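Worksheet for the structure shown next.
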Amino acid sequence: MSHTPNVLGLPKAELHVHIEGTLEPEMVFALAERNGIAPPAPTVADLRARYRFRDLQSFLDIYYANMAVLRTERDFHDLAAAYLTRCRNQGVRHAEIFFDPQAHLARGVEMGTVVRGLAAALEEARTDGFSAELIMCFLRDQPAESAAETLRLAEPFLDRIVGVGLDSAEVGHPPSKFAEVFRRARDLGLRAVAHAGEEGPPEYVHEALDVLGVQRIDHGVRALEGPALVARLRTERIPLTVCPLSNVRLAVVPDIAAHPLPRMLAEGLVVTVNSDDPAYFGGYIAENFAAVRDGLGLSTDDLRLLAANSFEAAFIGEERRAELL
Ligand code: ADE
Ligand code: ZN
């Protein structure tokens, strides 16, 4: 019999999930039909069979292509509502959810359609002590001017957005490219996070902290390659939102047994476990907790620490944190 805690019952926060990455193949087909669009594959099974990725880019190509089915406010609402139901059933008490407006604006879907749909689902889910927020990501493989324009378009909706992030293809797109738009976002009172050290080098993590002023690093697994960076992350208690199943599926690590999470914990880093793009990577947050429990032999105390870290790292006030801990 297992003595490890029930990963579903463990209260936790999810801080790294892309709402477009929760678009399950079944929903791709349902939305394609509802919107009169040709589905991207002959069957659900055919679509799922394509989910074998060599690296981040091979995933992003399919991730962006599947978004073509998201057209209306109702589509964005239904996408978020489905994720929120799932994560609440997995013990998530607070969720901070990424979305990629540029991927929708480029297809002629307006900012208001996206934000109103997502925000309505979050508002409906805020019951029984559950909370949720939106973080708007800029696509780092697009020009900095496009990010600036995206922030301008989001200004009427900032009451529904807690922060900004930076995602998409990392290598060749250092954080410093986005210095100006992050400064503007922080001046507007938004929180800031950035993907860094997923495929990119430790220098990108330093830049995200020093140039963008981010309060958390998304992924950050390659930070371990920089001893001075590790010391800084530990001393300043900068949280890292780690996504173990994503790292395996995108070949950041060869398999779960090789994942550096135990080393990150041993270094005293504020690490959290998250799902990234659960419809593509084989599971939601509970499956990620189960994978590190079973694949890395993490102890009950380790799992509790990961959950406690998620509340420390969340963009919530002290009162709410005390309630959740
Ligand atoms: N967009 C969605 N998932 C991502 C990831 N894991 N890294 C960078 N950009 C992303
Ligand atoms: Zn991510």
Amide H of residue 132 versus every other amide H placed in the peptide plane: which residues, excluding those fewer than 5 positions away on the same chain, fall under 5 Å? 95
Ascending count of other beta-carbon atoms within 10 Å, so fewest first, for 146, 131: 146, 131
The set of residues whose placed amide H lies less than 5 Å from the amide H of residue 192, leaving out same-chain residues fewer than 5 positions away, is 164, 215
In percent, what relative contact order does the chain have, based on Cα pairs under 8 Å that are 6 or more apart in sequence? 20
For the peptides 26-33, 41-48, 115-122, what is the packing order when you average, over each peptide's residues, the other Cβ atoms within 10 Å and list the highest mean first? 115-122, 26-33, 41-48
Around residue 303: net Lys/Arg minus Asp/Glu count, Cβ-Cβ under 13 Å: 0
For Cα pairs less than 8 Å apart in space and 6+ apart in sequence, what is the mean separation divided by the residue count of segment 178-237, i.e. the relative contact order in percent? 33
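Bear in mind that the values in this text are calculations on the coordinates, not laboratory data. Quantities reported herein were computed from a predicted structural model and do not represent experimental measurements. Note that we place each Cβ from the backbone using ideal geometry, even for glycine, and neighbour counts take in every protein chain shown.
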